[in-house]
Structures are given as C-alpha cells and as structure tokens.
1. Angle between the Cα long axis of helix 2-29 and the longest principal axis of the chain, 0 to 90 degrees, nearest 10?
2. Most fluctuating residue of 138, 11, 57 in a GNM of the chain with Cα springs under 10 Å: which is it?
3. Of 36, 111, 92, which is the most mobile in a GNM of the chain whose springs link Cα atoms less than 10 angstrom apart?
4. Taking the Kirkwood radius as the inverse of the mean 1/r across Cα pairs, report the Rg/Rh of the chain.
5. Cα-based Rg of region 68-113 per 2.2 N^0.38 Å, rounded to two decimals?
6. Quick one: among 101, 19, 150, which has the greatest mean-square fluctuation in a GNM of the chain with alpha-carbon springs under 10 angstrom?
7. Could you work out how far apart the two model spin labels at residue 24 and residue 87 are, taking each label as a point 7 Å from the Cα in the direction of the beta carbon, and quote it in nm?
8. If each residue's Cβ is checked for other Cβ atoms within 10 Å, how do 40, 135 rank with the fewest at the top?
C-alpha cells in the first residue's frame, strides 16, 4: 500500500507542477486582456494579462485541494490514533482548539471600517469581508511568529540536551 501511495502522490505532484507551469505560461506569455477582461479605470499603460482568471482559479483550486487533503488526512489519523490510544488522540486536538482560538481572537481584532479605495466600486468593501481579511492576515502573522519561536526554541533545546 505504501508503494501505491508513493506512486499516486508522485504522479499527482508532477501533474500539479505541469498545470502550474501551463497556467503561469498563459499568464505571462498569453498577451494582453481584451474585451470584457480589461479592467476599466486602470491606467492604460499598465499591463493587464489576458489569463489572470485562470491563474486565480488555479490558486483557488490548489488551496481547496490542500485544505481537503489536510482535513481528510487529519480525520483518518485521528481515527487511527483514537483506536490505539484515546488519551493521546484527544490531546492531539489541542492544536486544533488553539488554531480555532487564534481565528476567533483574530476575528475580534479585525476592523470592519470600509476602506477608502480610489477607483474601486465593487461589492467586497463590506464589514464581513474586511474582518475575514484581517482575521486571515493576523492568523498568518501569529503562525509565522510561532514558527520562528518554535525553530529558535527547538534549536536551543537541542543544543542543551
């Protein structure tokens, strides 16, 4: 089974690399946007790639795939650990609880004041999306800081032991 898992992940990885290379090639070498793809109100001297939508959809798809695989793998791993050692399996949920706490705190910290964006007349400058954006940014900052601290602490711990 391990060999099959390795082969599948190997081919999926290279298929994703191929898709990324193709979409990036379209984005950078696909020419200028024409017709309805041109964003009005933007300086005409600025380059507007023709395949920006394809790049955004690829990013959304890869993000969704990463989230789905992570959740599925975590549920499977939790189920296997619950069968072997229920106490340790329940302790492993502390990380998830901490992440949810960070998200809630970041949501509370987020601002809901509409931004004054020159030339933007879209529908996304509303309190909900502004708080979501702030929540995600604050969470990224916190996780980046926690990662740096963990690297430093683990290296010091390794030197001392």
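Please treat every number below as a calculation from the coordinates, not as lab data. Keep in mind the model is a prediction, meaning the values are calculated, not measured. Note that each Cβ is placed from the backbone with ideal geometry, even for glycine, and that neighbours are counted across all protein chains shown.
1. On a 0 to 90 degree scale, this one is about 20.
2. Most flexible of the set in this elastic network: 11.
3. 36
4. Values: Rg = 21.9 Å, Rh = 20.6 Å.
Rg divided by Rh gives 1.07.
5. Details: Rg = 14.5 Å, N = 46, 2.2 N^0.38 = 9.4 Å.
Here the Cα radius of gyration is 1.53 times the empirical estimate.
6. So, out of 101, 19, 150, the one fluctuating most is 150.
7. In this crude spin-label approximation the distance works out to 4.9 nm.
8. Working: 40 7, 135 19.
Final ranking by Cβ density, sparse to dense: 40, 135.
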